[in-house]
Amino acid sequence: MLLLRLIFKNAFRHRLRSMLTIVGVAIALTAFGLMRTVLDAWNAGVSASSANRLVTRNAVSLTQPLPYAYRGRIRQVTGVDIVAAGNWFGGIYLDEKNFFANFAVEAEDFFRLYPELVVTPAEQKAFLTDRKGAVIGRKLADRFHWRVGDTVTLRGTIFPGQWPMTIRAIYKGARPDTDETVLYLHWSYVDEVMKKTTPRRAGQTGFFMIGIGDATKAAEISKDIDALFRNSQAETLTETEKAFQMGFVSMSEAILMAITVVSYVVIGIILAVAANTMAMSARERLGEFAVLKTLGFPGPTLGLMLLAESLLLSLSGAALAMGLLPAITDAFTKNLAQYFPIFFVSRETMLLLPAFGVAVGVLAAAAPAVRVGTVRIAAAFRRIG
Amino acid sequence: MTQQPLIEIAHLSKSYRRGDQVIPVLSDITFDIATGEFLALIGPSGSGKSTLLNCIAGIDAVDAGTITIGGTDITTLSEGELAAWRSRHVGFVFQFYNLIPVLTALENVELPLLLTSLSARARQEHALAALTAVGLPDRTDHKPAQLSGGQQQRVAIARAIVTDPDIIVADEPTGDLDRHSAADIMALLRRLNQELNKTIVMVTHDHRAAEAAHLVRELDKGELRVAP
Ligand SMILES: Nc1ncnc2c1ncn2[C@@H]1O[C@H](COP(=O)(O)OP(=O)(O)O)[C@@H](O)[C@H]1O
Ligand SMILES: [Mg+2]
């Protein structure tokens, strides 16, 4: 149709200016998407947490242990279905720079608590029956080229000594935000070694992971658990897994906030650039719009033409960004897996790109479109003729 | 010739305001334009010729008075109604052609037909017929920049007649042309007047151009008189 062709030709009348605007929008939206993806990665632990899981730890601090004997009493609290003891193991493979998270857990209950860690039944059985076995995430296996049957020795930091273990299973995440870079070993393996080497540290654990049937009772159950141990030598603090994870994240809250702000500032800047492009287009072609109005085209139609032109540019930029962003994050994932175990562009971020494309296009064209739509014909001709 | 006038202008006044100053441009102008007339408006620069023409064509507002065209007082129409009225009744020819530079000659001529209910195919046939009528059937795919001034003005005239309006208004249509092209354009306008019976109102300060018209009226100091 002729009108669409006119809009298209007008949008690319100044080819360089249009291209720079499109590239600008694309870069800004890509940067925005990247920052959001980094934030998502940071918050992945929080979003992956389940409302049906609680964590009980020492009320004084995370580094203080709890008596393992608490397990049985917690299990008896009404509403508690599963209890699994766990420790941050803190083992190192060869060198500090090979860092990855590793936990000692009560494996059987732990797997019931974390159904999102998917293991074949055969591998699971192999892991459960080998006290010196370990289960590792798929990405961790890829990183060190480890396979089922390999023996890996970790150097203990919190639990001194050399810790040989055999990889018995490799888990996959059932959800995109499941962390696939963790190693789990048996809590009992650690405890038995402690009994022999440092008996005063045996029978203790870092935290308990708790499964509850009714997520709406989380607050009540937490209170009941903590009440059990009030005035004992190790008081407890029980909170939802989400709150627990957020405790880790919150120390860097200022940084997260800064990244969030910057990501929107970038959008604001590109909005100003696009608005400038549209204002220039409108000003330069005011005479042409006056001609169209003279011929009988209604003012609103002219305004919509300019709006369509603006959207054509901004959405071209958004389309470009939607291609760029996944390509860039892919490259990131390959190089930064150890810092951001979960690094992928969320659906929401992907949808925000065209949404902001529309917003930038509309806002950039708003004032110029009104100007064009309400142009006074005789006055416009006086300016050009 | 006792024909019913097509355009009746009564007690038309208009002034511009510049700061506190009021600049009267047209004061109490009354005259008729007959159907099929070819009227030239002449007068010194700044005398209000363009302003009067714009008011008649419905692209500028009056302060007082009425302009009745084909029975409709266009000074009472809303902006939207006026736009629709213009697209049906008036064809425009400007001094600087005012073609859309990114469109071809044929597309420029087709443009006003977008406001009609014609099919795309019918629009193109009409546009081609109009270009043929102005003698440019072989320039359909040229952009304005690839045409001479005279040719661009022909395309503009084709655009003005493609909707088959009753009235053609032209503001200095030869003002930007060499003498030869100007003569061609005047001959073309006269042919439209004689063969298609278009009523033409033309502003010019070119006496040679004015000679092509039936009737010449001179505007001076806001008042109108029939020129000698
Ligand atoms: N928008 C405007 N604001 C102020 N003065 C104007 C405006 N338009 C026209 N004028 C003044 O009105 C007078 C008539 O202008 P115009 O109709 O263009 O004359 P002409 O076409 O005869 O040269 C001039 O003095 C001009 O400066
Ligand atoms: Mg003038």
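The values are calculated or read from the model by the stated rules, or taken from the named source; none is laboratory data. Computed from a predicted structure; not experimentally measured. Positions of Cβ are generated from backbone atoms using ideal geometry, with glycine treated the same way; all protein chains shown enter the neighbour counts. Surface areas here come from the heavy atoms of the whole protein model, side chains and all, with no ligands, DNA or RNA. Shrake-Rupley method; radii C 1.70, N 1.55, O 1.52, S 1.80 Å.
Taking label positions 7 Å along the Cα-Cβ direction at both B:Asp164 and B:Ala34, the computed distance is 2.5 nm, reported to one decimal. A Förster distance of 30 Å, applied to the separation of the beta-carbon atoms of A:Lys125 and A:Ala215, puts the FRET efficiency at 0.50.
Roughly what % antiparallel, to the nearest 5, for the DSSP beta bridges in the protein assembly as shown? Given both bridge residues lie in the protein assembly as shown, the antiparallel proportion sits at roughly 70 percent. Can you give the relative contact order of chain A as a percent, counting alpha carbon pairs under 8 Å and 6+ residues apart? Relative contact order for chain A comes out at 28 percent. Among beta bridges from DSSP that stay inside the stretch A:60-234, the antiparallel ones total about 70%.
Summarising the label geometry, the points placed 7 Å from Cα in the beta-carbon direction at A:Arg283 and A:Lys132 lie 7.8 nm from one another.
Among the lysines of chain A, pairs at least eight places apart or on separate chains and with Cα atoms under 20 Å apart come to 11. Per atom type, the stretch A:125-226 shows carbon and sulfur on 51% of its accessible surface, probed at 1.4 Å. Contact residues in the stretch A:355-385 by the 50 Å² criterion (accessible area, 1.4 Å probe, full protein complex versus chain alone): A:Ala378.
In the context of the full set of protein chains, the stretch A:64-150 has a per residue accessible area of 51 Å² (1.4 Å probe). Using a cut-off of under 18 Å, list every residue of the stretch B:140-164 whose amide N is near the label point 7 Å from the Cα of B:Arg179 along the Cα-to-beta-carbon line. Once the point is set 7 Å along Cα→Cβ of B:Arg179, B:150 turn out to lie under 18 Å by backbone N, inside the stretch B:140-164. Selection among A:Val273, A:Gly317, A:Met1 by position relative to the dipole of chain A gives A:Met1 as farthest towards the positive end (Cβ unit charges, Cα centre). Measuring r between the beta carbons of A:Met19 and A:Ile259 and using R0 = 22 Å, the FRET efficiency lands at 0.15.
Each label point was placed 7 Å from the Cα along the Cα-to-Cβ direction; for A:Asp226 and B:Gln4 their separation is 9.3 nm. Protection proxy ranking for B:6-16, B:166-176, using the average of other Cβ atoms within 10 Å per residue and placing the highest first: B:166-176, B:6-16.
Rolling a 1.4 Å probe over the protein heavy atoms gives the stretch B:5-226 an accessible area of 43 Å² per residue.
Going by the alpha-carbon gyration tensor, a ≥ b ≥ c the square roots of its eigenvalues, is the stretch A:60-234 rounded (a/c under 1.5) or, if a/c is not under 1.5, prolate (a/b greater than b/c) versus oblate? Since a/c reaches 1.5 but b/c is at least a/b, the shape of the stretch A:60-234 is classed as oblate.
Checking the a/c ratio against 1.5 first, then a/b against b/c, what shape does the Cα gyration tensor give for the protein assembly as shown? Prolate, since a/c reaches 1.5 and a/b exceeds b/c. Put simply, chains A and B cover up around 2200 Å² of each other's accessible surface, both sides summed, when a 1.4 Å probe is used. FRET efficiency for A:Lys196 and A:Ser47, Cβ-Cβ distance as r, R0 = 35 Å, nearest 0.05? Rounded to the nearest 0.05, the efficiency is 0.30. In a Gaussian network model over chain B where Cα atoms closer than 10 Å are linked, find which of B:Gln152, B:Gln21, B:Gln95 has the largest mean-square fluctuation. So, out of B:Gln152, B:Gln21, B:Gln95, the one fluctuating most is B:Gln21. Quick check for you: which residues of the stretch A:117-133 have the amide N under 14 Å from the point 7 Å beyond the Cα of A:Thr166 toward its beta carbon? Backbone N within reach: A:123-133.
Are there trypsin sites (Lys or Arg not before Pro) in the stretch A:194-296 that DSSP puts in a loop and that have at most 16 other Cβ atoms within 10 Å, and which ones? Filter output for the stretch A:194-296: A:Arg230.
Loop-located GluC sites (Glu not before Pro) in the stretch B:136-228 (DSSP state other than H, G, I, E, B) with a sparse environment of at most 11 neighbouring Cβ atoms within 10 Å: B:Glu211. Within the stretch A:207-238, whose backbone N sits under 18 Å from a point 7 Å along Cα→Cβ of A:Arg112? Label zone hits: A:208-215. If you count the DSSP beta bridges with both ends in the stretch B:5-226, what percent of them are antiparallel, to the nearest 5? Rounded to the nearest five, the antiparallel share is 55 percent.
Residues of the stretch B:81-117 that bury at least 40 Å² of accessible area once all protein chains are present, compared with their chain alone (1.4 Å probe, heavy atoms only, ligands and nucleic acids left out), are B:Arg86, B:Phe94, B:Asn98, B:Ile100, B:Val102, B:Leu103, B:Glu107, B:Leu111, B:Leu114, B:Leu115.
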